[in-house]
1. Report, by residue number, each residue of region 1-28 that is in a helix (DSSP H, G or I) and either touching a residue at least 12 places away in the same chain (Cβ under 8 Å) or charged (D, E, K, R) (or both).
2. Does the chain hold any residues that are exposed (fewer than 10 other Cβ atoms within 10 Å of the Cβ), of a type in the set (Lys, Arg) and modelled with pLDDT of 90 or more, and which are they?
3. Filter region 13-22 for residues that are within 16 Å of GLY39 (Cβ to Cβ) and either hydroxyl-bearing (Ser, Thr, Tyr) or in contact with a helix residue (DSSP H, G or I) (Cβ under 8 Å, 6 or more places away or on another chain) (or both) and give the result.
4. Which of the residues spanning region 1-12 are under 10 Å from the mean Cα position of the chain (by Cα) and either farther than 13 Å from ALA33 by Cα or of a type in the set (Val, Ile, Thr) (or both)?
Amino acid sequence: MYVIQIVGYKNSGKTTLINHWINYLTAKDLHVATIKHHGHGGRA
């Protein structure tokens, strides 16, 4: 199992990158899981 963390500024394309990556990996029959951490306080 590999654990990869994606970090960056707001609106920098993190989610877009992850979505493309998930599509690529699942097309190769790999199992993928994600966890979203919202650490900015307030409502998620």
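1. Our first condition is that a residue be in a helix (DSSP H, G or I); within region 1-28, this holds for 14-27.
Matches in region 1-28: LYS14, ILE18, ILE22.
2. Once the filter is applied, which keeps residues that are exposed (fewer than 10 other Cβ atoms within 10 Å of the Cβ), of a type in the set (Lys, Arg) and modelled with pLDDT of 90 or more, the chain yields only LYS28.
3. Residues of region 13-22 within 16 Å of GLY39 (Cβ to Cβ): 14-15.
Matches in region 13-22: THR15 only.
4. Pass one, region 1-12, residues under 10 Å from the mean Cα position of the chain (by Cα): 4-7.
Listed by number, the residues that qualify are ILE4, ILE6, VAL7.
The values are calculated or read from the model by the stated rules, or taken from the named source; none is laboratory data. On a predicted model such as this, the values are computed, not experimentally measured, just so you know. Note that we place each Cβ from the backbone using ideal geometry, even for glycine, and neighbour counts take in every protein chain shown.
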